[in-house]
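Written out below as structure tokens is the structure these notes cover.
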Amino acid sequence: MGLDFQKELNKEQYEIVKKGDGPVLVLAGAGSGKTRTLTYRVAYLINKGVNPENILLVTFTNKASKEMLSRIEDLLGYYPKGVWGGTFHHIGNRFLRRYAEIVGYEKNFSILDREDSLVLFKEVYEEFIGKESQNRYFPKSKILYNLISYARNRQENIFDLMKRKFDYLSDRDFETAQKIADRYKEKKIMANAMDFDDLLINWLNLLKKSEIVKNKLREKFQYILVDEYQDTNKIQNEIINLLAKKHKNILAVGDDSQSIYSFRAARIANILDFPKNFFNAKVYKLETNYRSTPEILDLANESIKNNQNKFPKKLKSVKESLKKPLLVITKNNKEQAFEVVRKIKELKGSGFDFQDIAVLVRSVFQGLELELALNRENIPYTMRGGIRFFEQKHIKDILAYLKILANFKDELAWLRVLNIYEGIGPKTAQKIFQEIKKFQNLETAIKEFEIFGNEKIKKSLNIVLKILKEMLLVKKKKEVVKKSIEIILKNGYREYLMSGFDNYKDRIDDLNEMSAFAYDYDNLDDFLSEIILSDTFKNKNDNSVILEKKDNDKVVISTIHQAKGLEWSQVFLLGLVDGQFPHRKVWENPQEIEEERRLFYVAVTRAKDSLYLFYPMINNQNESINELSSFIKELDESLFDKQDKVYLGSDDLPIIEYE
């Protein structure tokens, strides 16, 4: 075999590959080559004579699994047939196909994908809602489904979780949620079907119920390797602990500093407690970073030092020094967007491609002004892992109300608004609109419209007309959007968001940001025209869309969560304001500050060459002074340069052209 492991790996990686027997925790810093280390370790074991069938390689995505197995094949010169490689769900499925009877299923069980699971869950949900619970704002089926899934992955009581999440519901509602969960479980067993959560839960149950199976699998897997250990949940951690008991050759690779998915039930304690759970565990660190400049890493290292719950490590760059991260201070979000666009044009003019550039945000609303600025300048961009600000459902709902206020004969706007409300389906909405459009104006329609239909329809129509009546009173005011949003929220839409979206607080933030953004416009028509004419709605005649269709050379706008694992030459991090980043949730739960700081660390370490940090001074919503993010304030000022771009003059900001 021609593999020279020592020559092809750095000292840290080689040490792990060669001495990775026994319980081993590998703390793999950002950009330090963890995938390379894992693949070489598997190749090393096979090269040493370990039967591939005795190796379990667990990843978090199918893509990662295929990539690793492909790399191992390249190293060995042949496919490592027999290696048990795949995601937790994939491997759980393989075992359950053999031993399904032990956990109450037949071997030919079906797997329900998310869509099928939701359909079945909704059937069960509708058996109970309206009978067991009369609460209009009982969580919608999808929200309850997600909540039950979260509770199951955390192995937490659904009743208790519901109480924390929906404190406005009654105990009877919480009991109803538990009954729905129990009935959903029953129906899956009756249908001989498992959803994705069942693949994990039943795999763990299998190991607990059958000593024979547990001992057989313990004997089989002489070497267990797990990627992204910081993202494992309680069930996954327990499975690995049970399987590794015999040979104790468990190699867990991860980075506690990049544990940012607690909202998906990931549990940082799994990686932090690894040395306690496995006696005599060795801890190795991959601290050589191949991605970022020394200046970027200095800032990242200094930031994460402020976390108490962590393994200490310090990333070291192999790249030459370049320049310090730059803190850009702007007057407000509008000028923040201008400065980003100006710099993007400057970078393009100096030879960078658009695809070398990423703009990262903690929350979607932070990119609102930037999206419109990019559209105006015909700079192509893509939203990673999400939809554009004005394409989100809650934004389009509010815009529909505003469109009715501006033009009461807007049919699509009426249909959208009416379909929000209970008891009004598409046909009823169309009938209502046909009657509405007979009136001369909105004022007359509200006064003279004869409400018809059953009690639910009448109640809903009364709410819609009440909202529009109140909105008419503020139509001529400059703060019409802000006042309208307040009116809509107080008349049931806030509860609608609470019951229909698990991130409803973030959606209310979006609405508040939109109202502040709208204040720059003299009237409602100008505001709506700006949005509708923008490429935000992907107008087919817009030049920037033609640019998008030509190639993939686009600026990326991404939330930080969606950016994990990726890298760009030039990174802009927006909205470094206390309450935005760190998120305001830390004011209610101070213990969450450490995950927020890890999120900041992930954002910073996405940058290869240049990092731009933005602090808009003035709060869009109330004209108060924003507090600079504590993540910046806690850093030594020698770690970054500062640029004050606070324009106090004309709103007509200059634009720098590029070739």
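Points to keep in mind about this one:
- When G82 is tested against (1) out of contact with any Leu (no Cβ under 8 Å at 6 or more places or on another chain); (2) surrounded by 20 or more Cβ atoms within 10 Å (Cβ to Cβ); (3) over 22 Å from K564 (Cα atoms), just one condition goes unmet, and that condition is (2).
- Hits in the range 105-117 (condition: surrounded by fewer than 19 Cβ atoms within 10 Å (Cβ to Cβ) and either in contact with a strand residue (DSSP E or B) (Cβ under 9 Å, 6 or more places away or on another chain) or closer than 24 Å to N233 by Cα (or both)): S110, I111, D113, R114, E115, D116
Results for (1) among the aromatic types (F, W, Y); (2) without any contact (Cβ under 8 Å) to a residue 24 or more places away in the chain, shown as yes or no for each residue.
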residue	(1), (2)
M190	no, yes
D195	no, no
L199	no, no
L204	no, no
Y229	yes, no
I235	no, no
N241	no, no
V253	no, no
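- Contact map, the range 465-489: residues that are under 17 Å from T444 (Cβ atoms) paired with residues that are assigned to a helix (DSSP H, G or I) and of a type in the set (G, A, S), Cβ distance under 7 Å, separation 6+ or inter-chain. Pairs shown: M471/S484.
- Residues that are of a type in the set (F, W, Y), over 25 Å from Q570 (Cβ atoms) and assigned to a loop (DSSP other than H, G, I, E, B), drawn from the range 281-330: F311
- Helices (runs of 4 or more DSSP H) lying entirely in the range 1-62 (those with 1 or more residues that are farther than 30 Å from N93 by Cα and of a type in the set (K, R)): 5-8, 11-19
- Looking across the range 547-569, the residues that are within 18 Å of E371 (Cα to Cα) and among the polar types (S, T, N, Q) come down to N552, S558, T559, Q562.
- Count of the range 179-196 residues, restricted to those that are open to solvent by 20 Å² or more (accessible area, probe 1.4 Å) and in a helix (DSSP H, G or I), is 9.
- Within the range 524-536, the presence of a residue that is at pLDDT 85 or above, open to solvent by less than 40 Å² (accessible area, probe 1.4 Å) and either part of a strand (DSSP E or B) or in contact with a His (Cβ under 8 Å, 6 or more places away or on another chain) (or both) is excluded.
- The range 379-399: number of residues that are at pLDDT 90 or above and either touching an Asp or Glu at 6+ places or on another chain (Cβ under 8 Å) or closer than 20 Å to N333 by Cα (or both): 6
- L96, sole failed condition from (1) open to solvent by less than 20 Å² (accessible area, probe 1.4 Å); (2) closer than 17 Å to I235 by Cβ; (3) in contact with a strand residue (DSSP E or B) (Cβ under 7 Å, 6 or more places away or on another chain): (3)
- Here T61 fulfils each of the conditions (1) modelled with pLDDT under 95; (2) under 21 Å from V213 (Cβ atoms); (3) out of contact with any Leu (no Cβ under 8 Å at 6 or more places or on another chain) apart from (2).
- When residues in the range 6-39 are screened for being open to solvent by less than 20 Å² (accessible area, probe 1.4 Å), free of Cβ contacts under 8 Å to residues at least 60 places away in the same chain and either closer than 23 Å to I240 by Cα or among the charged types (D, E, K, R) (or both), 2 of them pass.
- Of V226, V213, all but one fail to be closer than 30 Å to K314 by Cα, among the aliphatic types (A, V, I, L, M) and open to solvent by less than 10 Å² (accessible area, probe 1.4 Å); the exception is V226.
- Residue selected from the range 624-641 under the condition part of a strand (DSSP E or B) and free of Cβ contacts under 8 Å to residues at least 60 places away in the same chain, by the criterion surrounded by the most Cβ atoms within 10 Å (Cβ to Cβ): L628
- Among the residues of the range 332-341, those identified as under 20 Å from D641 (Cβ atoms) and either out of contact with any Pro (no Cβ under 8 Å at 6 or more places or on another chain) or surrounded by fewer than 17 Cβ atoms within 10 Å (Cβ to Cβ) (or both) are F338, E339, V340.
- Residues of the range 300-316 classified as closer than 18 Å to D636 by Cβ and either open to solvent by less than 80 Å² (accessible area, probe 1.4 Å) or touching a residue at least 12 places away in the same chain (Cβ under 8 Å) (or both), total: 9
- Unmet criterion (only one of (1) of a type outside the set (D, E); (2) over 22 Å from the mean Cα position of the chain (by Cα); (3) open to solvent by 40 Å² or more (accessible area, probe 1.4 Å); (4) over 26 Å from V103 (Cα atoms)) for N249: (3)
- Residue within the range 168-177 that is part of a helix (DSSP H, G or I), surrounded by 19 or more Cβ atoms within 10 Å (Cβ to Cβ) and of a type outside the set (A, V, I, L, M, F, W, C) present: yes
- Flag if K323 is open to solvent by 20 Å² or more (accessible area, probe 1.4 Å), of a type in the set (K, R) and more than 26 Å from K19 (Cβ to Cβ): yes
- Of residues in the range 484-503 being open to solvent by 50 Å² or more (accessible area, probe 1.4 Å) and part of a helix (DSSP H, G or I), the one modelled with the lowest pLDDT: E495
- A single entry from I424, I432 fulfils the requirement of being without any contact (Cβ under 8 Å) to a residue 60 or more places away in the chain, touching a helix residue (DSSP H, G or I) at 6+ places or on another chain (Cβ under 9 Å), in a loop (DSSP other than H, G, I, E, B) and surrounded by 16 or more Cβ atoms within 10 Å (Cβ to Cβ): I424.
- Selection of first residues in the range 118-139 that are more than 14 Å from K179 (Cβ to Cβ) and modelled with pLDDT under 90 and of second residues that are assigned to a helix (DSSP H, G or I) and open to solvent by 30 Å² or more (accessible area, probe 1.4 Å), restricted to Cβ pairs under 6 Å at least 6 apart or on distinct chains, gives the following pairs, ordered by first then second residue: Y137/E495.
- The C-beta contact set for the range 392-413 (first residue farther than 20 Å from D526 by Cβ, second residue open to solvent by 60 Å² or more (accessible area, probe 1.4 Å) and part of a helix (DSSP H, G or I), distance under 7 angstrom, 6+ apart or interchain) comprises D397/R416.
- Of everything in the range 350-369 that is in a helix (DSSP H, G or I) and modelled with pLDDT of 95 or more, the residue that is most open to solvent (accessible area, probe 1.4 Å) is Q355.
- Residue within the range 235-244 that is open to solvent by 10 Å² or more (accessible area, probe 1.4 Å) and not in a helix (DSSP H, G or I) present: no
- Residue match in the range 277-292 (condition: free of Cβ contacts under 8 Å to residues at least 40 places away in the same chain and out of contact with any strand residue (DSSP E or B) (no Cβ under 8 Å at 6 or more places or on another chain)): yes
The values are calculated or read from the model by the stated rules, or taken from the named source; none is laboratory data. Keep in mind the model is a prediction, meaning the values are calculated, not measured. Reconstructed Cβ throughout: ideal geometry from the backbone, glycine too, with neighbour counts over all protein chains shown. Quick note on the areas: whole protein, heavy atoms, side chains included, nothing else; ligands and nucleic acids left out. Shrake-Rupley method; radii C 1.70, N 1.55, O 1.52, S 1.80 Å.
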